[in-house]
Every structure is written in structure tokens, then in C-alpha cells.
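In what follows, a structure is listed as C-alpha cells, so that the remarks can point back to it.
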There are 2 protein chains.
Amino acid sequence: MYVTQRVVPDATVVRLPLYLRALVDIAAAGEVTVSSDDLAEAAGVTSAKVRKDLSYLGSYGTRGVGYDVAYLIHQIRRELGLTQDWPVAIVGLGNLGHALARYRGFGERGFRVAALLDADPAKLGERVEGVEVLHIERLADLVRDEGIAIGVIAAPAVAAQEVADLMVDAGIRSILNFAPVVLTVPDGVTLRKVDLATELQVLAFYEQRNGVRAATSRS
Amino acid sequence: MYVTQRVVPDATVVRLPLYLRALVDIAAAGEVTVSSDDLAEAAGVTSAKVRKDLSYLGSYGTRGVGYDVAYLIHQIRRELGLTQDWPVAIVGLGNLGHALARYRGFGERGFRVAALLDADPAKLGERVEGVEVLHIERLADLVRDEGIAIGVIAAPAVAAQEVADLMVDAGIRSILNFAPVVLTVPDGVTLRKVDLATELQVLAFYEQRNGVRAATSRS
DNA sequence: CAATGTGAAGACCTTCACAGCC
DNA sequence: GGCTGTGAAGGTCTTCACATTG
């Protein structure tokens, strides 16, 4: 058992998907190499940040030339673990769960919606994009049979912690939570959250601050 | 009055909604005062962070006692600009746009969905939660008539920049973008983004880095 | 005595600026 | 000459630790 040593900073990790998307666009435009300046522009960051971030992955650029687009795409995919398919389970098929189940962006990026689960008997049996909605108690089976490693919580806030516990018990170690509630998970489980109302509240703060009097912008 | 220039750090701003939600729960549980320790636990952060964050708003606590829950809720609401209602426009009524339009969490937190817009004639006229879907060209009128200050982009990636431009032209200065693309807006416009596929890619990174333990039977 | 409020220290992240290499 | 890769500097955020206060 070895302790994982951080090589890539967290701040860099969240930008890698951004670079990846920009690079895919650049490749589609027929470019073979790209400079840190151009990639920075496409990703909406500074060129110093691009160079620093990419330097954590290794020395994949060529001085005086730039980065080989196809090679860099490959390296970032490898670093993000996107050379394999990740089966995902979505729990909770209300409005948001349905939208997520139908979202094409997941499949396009290698995340296959392998299971849809709900606790409400009225929702069972329905098919969304060809995947049948099963009862939540089937989760552990599906994790084992489908190799599910990532769970998405789209359940109501009151049920979210219970769903998280079930996911952890079933062996899931990566959870994306959309419920507006603070979840507790054991060490070794990675938890990220997307909080829609919070995003609007943060916008309201800056709107109010800027609205009172013209001020500097944030982005 | 405002002799001191009070600057709330960005990192603190994004936590204020978290504290607010925790405080509302605590108030509902009948608690009158709360310590930084308890609030930290409820919000999933450290108590030092809570005290530091709240100190940017002013000295609202009482040493030896804690914070008055109702008063703190009021102060955070005021700081976030949540003492007023914020009319929101959602542009793009695909899967995600529909889900957002039906999401109750917005209304509960003072964000009223005042307008639904799309460019696709096939979608016009439909009503979601009582709000009619109108053509995107009506945006400027609605911003003026409804006082819309916040725009939500749920349009396809290829249309997102165009939508952002229309929003800016219409006078919107706060934008929440769900399209997986980098947007450019002028100074003075606040832009935040929610990128669903990116969240999963970040999870995949940590899932991979934490080592593929033999917990699942992937072939 | 309990718990806040806050300087100071430390960790982390960003930006600068330029040496090094193609 | 052009552009990467990276130490160093500069900022921002977090954590510590304790003086201060009710």
C-alpha cells in the first residue's frame, strides 16, 4: 500500500478538461501544433498558466514551435484517465435526473450512463435513452456487474445523504452531488458538488455590488 | 458610514450561500444562537474559516456565546443581495433548460424564472410552470419590462456565444453558462459557468489516481 | 470560562521574467 | 527569432493560536 503523491495541483486538474476541449476544437480546425498563447486564448486563461499547468504533465512542448496537438490531447486524456470508458450511475429521476440521463455531453466524453435508479416505484420501468430505471436497491449489483465507479446524485435534498451512503456501501468512490445539501463521505471517497442555486446567489452578490456603483468586473 | 472599505474575498462569497442554507436549517431546528464550531459542522468547513469569513461581514458574534441565528441570516441575505427578488431569464429549452425551468430550488431562494426563450420556432408557445416560451428576439423587451438582471444560458454550445452577446446587448450583466464552451464577455459583466462533463472528468482523474483497487470486476 | 475576532504563519496558486532550446 | 519550461516573486486563501471580550 503506497501513499499517493500529488504531482498535479488541484487547480491544474480542473483546467485540464478545459484544455482538452479547446485542443479537440483546434484539432478539428486542422491545426497540427499550437502555442501556449493560442491555447490560452481558446481556453480563456493566460499563457503562463497553460505552460505551468502542462509542465506538471511533463515536457511535451517544443521550444520555438509549440505543442503537438494530437500528442497533447493523448497525454491529457491519459492523465485524466479518459482512455477508458467510465460507467456512471444516476440516482434520482426527477427533472434534473432526466435531463442528465439525456445529456449527450457525457457520452461524447466517455461517460456512459450505465444505470438509472430511483426509490419511487412509479418511476421504475421507464426507459430513458434506452436505459431502464431500476430500484435503488439494485445499485450494489449494478456496481459489480457494470463496473460503475462514478455515482451522480440527482435525488431530493432529504434523500441525498442516504443515497450517498448506499453508493459508498456499493463500492462507489467518486460522487457528483447535485442536491443542495452538505454530504459526508468516508476518507477515500471523492465528492464534488454542483449547486445551481448557489451559483445564482454568487451572481446576485456581484450584481448587487456592481449595480450600486460601477466597479471592476469579475469573470 | 462606509469609512472602511469592506472587501469580501471571492472565496468567502462562494461560501456565504452555504452558511445561509445551514443557518436556515439550524433556525428551523429551533436554535437561537450558533457557535462557529456548530455552523462549521453544518456547512462542512472548518470553524476558523467560518469565523474568518463572517468577520468580513462585520462583528456579528458575541464572545462566549456565538452568533444570533436570525440576525446572521439577515446579514448574509443582505450581503448577498437576497433581500430582493431576482428575475431570471433562461435561454435554450432543451433537456437542461426544461429541467432548470422546473427546478423549485430557484424560486425557493428568491430567483423567479421570469422569461423562457428559444430560437427554435417549434418550441415557442409551450408553457413551463406557467411561463410561456418566447422567441429569443424578445429578450431585450423582457429585460426592460421584467427587470431581468440574470441570464442563464442552456443553449447548445455552438449558439452560446451568440446568446451571451444578445444578453449583454439587452443589458444583462450577470450570466450563468451551462454550455460547454468558453465565452467572452465585456468588462463589467460577471460570468460563471457550470460544466457537467468537466466535473465528471475531474472525478475520473482522482478515481484513476487513487488507484484502481480490485473493488470492481471490470474485464 | 467560552467563544469570537484577528494578526501571523503557512500553504497554495498565479504571474513574472528570462534562461535554454529548437 | 520564437516559444517552452521554470525558478522566483507576488497574491490569495487557509490555518494557527491566542488576546480579547461578554
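The values are calculated or read from the model by the stated rules, or taken from the named source; none is laboratory data. None of these values were measured; they are calculated from a predicted model. Quick reminder, even Gly has a Cβ in these numbers, built from the backbone with ideal geometry, and neighbours come from all protein chains shown.
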- Message: Please verify whether A:Asp145 is modelled with pLDDT of 95 or more, assigned to a helix (DSSP H, G or I) and farther than 24 Å from A:Leu183 by Cα, treating the condition exactly as stated.
- Response: yes
- Task: Give the residue that is nearest to B:Thr184 (Cα to Cα), with candidates limited to residues of the stretch A:18-38 that are among the β-branched types (Val, Ile, Thr) and more than 9 Å from DNA strand D (Cβ to nearest atom).
- Result: A:Ile26
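So which residues in the stretch B:90-119 are free of Cβ contacts under 8 Å to residues at least 24 places away in the same chain and out of contact with any Lys or Arg (no Cβ under 7 Å at 6 or more places or on another chain)? Break it down stepwise before answering.
So in the stretch B:90-119, the residues free of Cβ contacts under 8 Å to residues at least 24 places away in the same chain come out as B:95, B:99, B:103-108.
Selection gives B:Ala99, B:Tyr103, B:Arg104, B:Gly105, B:Phe106, B:Gly107, B:Glu108.
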- Note on the structure: Picking from B:Val24, B:Val7, B:Val14, the residue that is surrounded by fewer than 18 Cβ atoms within 10 Å (Cβ to Cβ) and part of a loop (DSSP other than H, G, I, E, B) would be B:Val7
- Task: Sort out for me the helices (runs of 4 or more DSSP H) sitting completely within the stretch A:28-87 that have 3 or more residues that are at pLDDT 95 or above, closer than 24 Å to B:Gln208 by Cα and within 12 Å of DNA strand C (Cβ to nearest atom).
- Result: A:47-55
- Task: Determine which single condition B:Leu93 fails, assuming it passes every other condition in (1) at the interface with another protein chain (Cβ under 9 Å from one of its Cβ atoms); (2) of a type outside the set (Gly, Ala, Ser); (3) buried (at least 20 other Cβ atoms within 10 Å of the Cβ); (4) part of a loop (DSSP other than H, G, I, E, B).
- Result: (1)
- Query: Hey, among the residues in the stretch A:96-116 that are touching an Asp or Glu at 6+ places or on another chain (Cβ under 8 Å) and surrounded by fewer than 18 Cβ atoms within 10 Å (Cβ to Cβ), which one's nearest to A:Val14 (Cα to Cα)?
  - Reply: A:Arg112
- Hits in the stretch A:44-76 - residues which are within 9 Å of DNA strand D (Cβ to nearest atom) and buried (at least 19 other Cβ atoms within 10 Å of the Cβ): A:Val50, A:Asp53, A:Leu54, A:Gly61, A:Tyr67
- Answer with yes or no whether A:Gly171 is in contact (Cβ under 8 Å) with a residue 12 or more places away in the chain, within 9 Å of chain B (Cβ to nearest Cβ), surrounded by fewer than 20 Cβ atoms within 10 Å (Cβ to Cβ) and within 16 Å of the chain's Cα centre (by Cα). no
- Query: Within the set of pairs 6+ apart or on separate chains, which have a first residue in the stretch B:47-74 that is more than 14 Å from B:Ala11 (Cα to Cα), a second that is of a type in the set (A, V, I, L, M) and within 12 Å of DNA strand D (Cβ to nearest atom), and C-beta atoms under 8 Å apart?
  - Reply: B:Ser47/B:Ala40; B:Tyr60/B:Leu54; B:Gly61/B:Leu54; B:Tyr67/B:Leu54; B:Leu72/B:Leu54
- Query: Quick check: is even one residue across the stretch B:154-161 more than 9 Å from chain A (Cβ to nearest Cβ), of a type in the set (S, T, N, Q), surrounded by fewer than 23 Cβ atoms within 10 Å (Cβ to Cβ) and in contact with a Leu (Cβ under 8 Å, 6 or more places away or on another chain)?
  - Reply: yes
- Task: Go over the candidates B:Glu79, B:Glu41 one by one and state the one that is acidic (Asp, Glu), within 14 Å of DNA strand D (Cβ to nearest atom) and within 12 Å of another protein chain (Cβ to nearest Cβ).
- Result: B:Glu41
